[in-house]
Amino acid sequence: MAEKPMDAGRLVRAGSSIDILLERDDLKNSIRVLKAMIYEVEGNRIVISQTSPPLTKSHIGNTVSATYLVRSEGKATRYGFSARIAEFVRDYEMTSGERVTVPVLQVQGAPEPMNIRLHFRVRPRSDSGISLSCGGKKVNLLDISLGGVGFSHGDIKSFKAGESVRLQLNVDEKRFHLEARVVRVWLSEPSPGSPYLQFVTAKFLTLERDLEHALGRKIMMIQRQMLADGILKT
């Protein structure tokens, strides 16, 4: 049975290491993995060391994935949960007596087994069985991960960074509806005879379990194909 968010401390403990996954807001097939140590766990509040590379106050309010390894019977299983960067605490006293500024995570999801590779963006081919629509109109799907999506369109509608949008994602003919927040927009360079394209990256705000499983399986299939084609390195 999945653990409640406030029970995350059963699996994460002070003194253990943790990885914070920050999804990039551009169209690169990568994520940022920030290393940290856990200083304190109290309910669904986790105090961690400053990460490397460091988090800044501009990250406050951002939702991240926190992952860690649990060893049992000689095997290591990676778990992860959703968390919000809640605040930075100044003058946090270490056991050594040193006072430092540290980030605080607010746990938002129950710990579950996690595969970091699923958070990497993949670029689906036209025959991959996955497509995206917005406002009832199909858009050009550029890349996708469990955290967000990149697409382009030539419609009159112009998206704006920060706005929420309603998307329809089709995975093997099954339709899913979800909310996303636009992170970044930019226009293609104009050229004679070619309509302009607006490029959009968006972060998923909701991801129902059925969609998460279907999309996760599809991402793994695309990754295997990319590995076979030599596009993705192991």
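The numbers here are math on the coordinates, done by the rules we state, and not lab data. Please read these numbers as outputs of a predicted model, since none were measured by experiment. As a convention, Cβ positions derive from the backbone with ideal geometry for all residues, glycine included, and neighbour counts pool all protein chains shown.
Some observations on this one:
- For the listed residue pairs LYS57/LYS157; LYS157/LYS218; LYS157/LYS203; LYS137/LYS160, the alpha carbons are over 23 angstrom apart in LYS57/LYS157; LYS157/LYS218.
- When peptides 135-144, 206-215 are sorted by average Cβ neighbour count within 10 Å, with the highest value leading, the order is 135-144, 206-215.
- Dipole of region 128-188, positive end: most advanced residue of VAL149, VAL171, ILE130 [Cβ charges, Cα centre]: VAL149
- Basic side chains Lys and Arg get +1 at the Cβ, acidic Asp and Glu get -1 at the Cβ, and with that the dipole of region 130-228 about its Cα centre reaches some 80 debye.
- Sequentially through region 167-181, phi angles give Karplus couplings (6.51, -1.76, 1.60; θ = phi - 60°) of 10, 10, 10, 9, 10, 6, 6, 8, 8, 10, 10, 8, 9, 9, 10 Hz, Gly and Pro residues having no value and appearing as x.
- Estimated vicinal HN-Hα couplings, Hz - region 127-142 in sequence order (Karplus 6.51, -1.76, 1.60; Gly, Pro = x): 9, 7, x, 9, 8, 9, 10, 9, x, x, 10, 6, 10, 7, 6, 9
- Placing a label point 7 Å from the Cα of HIS213 along the Cα-to-Cβ line, the residues of region 139-160 whose backbone N sits under 20 Å from it are 145-147.
- Cα→Cβ-extended label distance, 7 Å offset, between SER52 and GLU93, nm: 2.7 nm
- Charged-residue dipole, Cβ positions (Lys, Arg, Asp, Glu), region 5-114 about Cα centre, Debye nearest 20: 220 debye
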